[in-house]
Amino acid sequence: MAKQPAKNINIAIGAVVIEDDVSSSRLGITQEVPEVTSYADAGPRRVVGNYDWSLGLEGFPDFASGQSDATLFALVGDADGAASAYDPTGAAAGANDPNYDGTIVLESYEIAGAVGGPVTFSASLPGTSALTRAVA
Amino acid sequence: MAKTAAHGTKVWFDQYLLESYLTAARQRLNQALPVVTTFDDIGPRRVVDNYDVEAELSGLFDGDSAALDARFWALIGDGADHYLSIPWGSGLIGSIVYDHVVSARERPIEAQLGQAILLNGTFVARGGTSRGIVLRNGAVTGTENAAGQNLGTTASGQTFRALFRVISGTFTSVAIAIQESSDNGAGDPYATISGMTATVTAAGITVLTTTAATEAWKRFSVTAFTGTSVSVRQTAGRVV
């Protein structure tokens with residue numbers, strides 16, 4: 001599968017498809033790489049520990065029932081979070097179509113609007129589970 | 001209500017309508033997520049704690065009495081609850097509205113050569129936020145029942161809150177009630193939610209709450225009115 005335009009991305013929070021409200025997204029994975037460089041080393045030495053991940057979304061909230069605004073706000077106070085699905089190619093998981101799946105919770109949800117523009121939203125959704133990269 | 005242009009957004013601060021002064025608005029909800037990842041976990045683990053809310057209003061300075069500058073100035077040193085409601089994109093009945101309880105944190109005036117004087121306000125929450133629905137927006141001229149709205153049920157222990165704003169009018173008193181029904185009155189007639197009534201005789205904001213279980217459909221009702229006309233805004237929702 002070749003390089004992808006952003007418009008192919010499929011994103012779901014729980015059972016709600018929200019790529020129709022998203023204009024920018026970021027799936028970030030950060031790995032623990034504590035430094036263990038010693039006097040005897042030329043150049044750095046690091047070991048690999050656990051990792052953290054987070055899904056960032058920006059777009060235009062749909063205030064209709066069951067859509068993005070209701071879905072994101074419903075995560076306030078939700079200790080269980082929600083399943084997240086991030087599919088960069090927009091296709092079901094396959095050898096050339098990775099699907100990133102995990103469980104997220106809501107860290108921040110912002111709505112804004114200015115004269116002349118649309119109402120916009122941004123949300124930060126850190127992971128609270130392992131992140132899987134499904135290819136089948 | 002789908003995606004919407006920012007134009008049409010309303011901003012109601014206590015009983016004052018601020019949209020005619022404002023050019024931008026922003027609300028941000030932050031939820032605390034302590035990390036509880038252990039050696040045994042693959043990937044992160046987090047638990048959900050409390051939340052906080054901050055709102056920013058950007059607008060145009062107006063020094064007239066009872067205008068924006070006077071409204072924001074009155075908040076300095078004021079430790080009382082104030083209610084900020086933002087129906088994004090539209091304030092029509094049935095629109096989604098976020099209701100916040102806030103205090104003002106700062107209100108800078110900015111002036112640049114060649115531009116209008118700006119007045120901004122930053123507000124921080126001092127109570128719970130709700131995502132609810134506008135139940136009434138307009139002039140009341142007599143007893144009435146507004147259209148019912150499906151806000152969803154609330155369970156015992158959850159706070160259902162209604163904010164009734166009297167903006168202005170020629171009237172002596174208006175008695176209101178928030179009523180509930182399981183099916184929008186189709187088979188279950190609307191009935192007043194216990195404790196959610198008020199009689200108002202002047203402009204201001206009235207806060208009605210209940211922690212009893214409530215049914216899904218709610219509506220705004222005027223049960224008595226003495227006067228010619230009064231402009232009101234009614235919003236309601238479950239406090240998270």
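So if I check each of A:113, A:127, which one is buried (at least 17 other Cβ atoms within 10 Å of the Cβ), under 18 Å from residue B:35 (Cβ atoms) and either acidic (Asp, Glu) or modelled with pLDDT of 95 or more (or both)?
Going through A:113, A:127 in turn, the sole match is A:127.
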Residue B:114 vs. criteria closer than 24 Å to residue B:125 by Cα and either facing chain A (nearest Cβ under 7 Å) or assigned to a loop (DSSP other than H, G, I, E, B) (or both): no
So residue A:72 clears everything in (1) within 14 Å of chain B (Cβ to nearest Cβ); (2) assigned to a loop (DSSP other than H, G, I, E, B) except one condition, right? Which one? (2)
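Conditions tested, residue by residue: (1) within 14 Å of chain A (Cβ to nearest Cβ); (2) open to solvent by less than 80 Å² (accessible area, probe 1.4 Å); (3) in contact (Cβ under 8 Å) with a residue 40 or more places away in the chain.
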{"position": "B:20", "(1), (2), (3)": "yes, no, no"}
{"position": "B:25", "(1), (2), (3)": "yes, yes, yes"}
{"position": "B:36", "(1), (2), (3)": "yes, yes, no"}
{"position": "B:63", "(1), (2), (3)": "no, yes, no"}
{"position": "B:71", "(1), (2), (3)": "no, yes, yes"}
{"position": "B:79", "(1), (2), (3)": "no, yes, no"}
{"position": "B:92", "(1), (2), (3)": "yes, no, yes"}
{"position": "B:98", "(1), (2), (3)": "yes, yes, yes"}
{"position": "B:107", "(1), (2), (3)": "no, yes, no"}
Within the stretch B:63-86, is even one residue assigned to a loop (DSSP other than H, G, I, E, B), within 13 Å of the chain's Cα centre (by Cα) and more than 16 Å from residue B:236 (Cα to Cα)? yes
Could you please find all residues in the stretch B:38-61 being of a type in the set (Phe, Trp, Tyr) and surrounded by 18 or more Cβ atoms within 10 Å (Cβ to Cβ)? B:51
Of the listed residues (A:64, A:91, A:130, A:79), the one being out of contact with any Ser or Thr (no Cβ under 7 Å at 6 or more places or on another chain) and under 16 Å from residue B:43 (Cβ atoms) is A:130
Count, please, the residues in the stretch B:112-136 that happen to be crowded, with 19+ Cβ neighbours inside 10 Å and of a type in the set (Val, Ile, Thr). 3
Here's a check for you: in the stretch A:48-69, which residue that is more than 13 Å from residue A:123 (Cβ to Cβ), open to solvent by 30 Å² or more (accessible area, probe 1.4 Å) and touching a residue at least 40 places away in the same chain (Cβ under 8 Å) is farthest from the other protein chains (Cβ to nearest Cβ)? A:66
Which residue is nearest to the other protein chains (Cβ to nearest Cβ), if the candidates are limited to the stretch B:38-59 and must be under 24 Å from residue B:205 (Cβ atoms) and of a type in the set (Ser, Thr, Tyr)? B:51
Of all residues in the stretch A:5-19, count the ones that are under 20 Å from residue A:66 (Cα atoms) and open to solvent by less than 60 Å² (accessible area, probe 1.4 Å). 8
Looking only at the stretch A:103-136, how many residues end up being within 7 Å of another protein chain (Cβ to nearest Cβ) and of a type in the set (S, T, N, Q)? 3
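The values are calculated or read from the model by the stated rules, or taken from the named source; none is laboratory data. Since the model is a prediction, treat every value here as computed from it, not as a measurement. Using ideal geometry, Cβ is built from the backbone for each residue, glycine included, and neighbour counts are taken over all protein chains shown. Note: accessible area is taken over every heavy atom of the protein model, side chains too, but ligands, DNA and RNA are not part of it. Shrake-Rupley method; radii C 1.70, N 1.55, O 1.52, S 1.80 Å.
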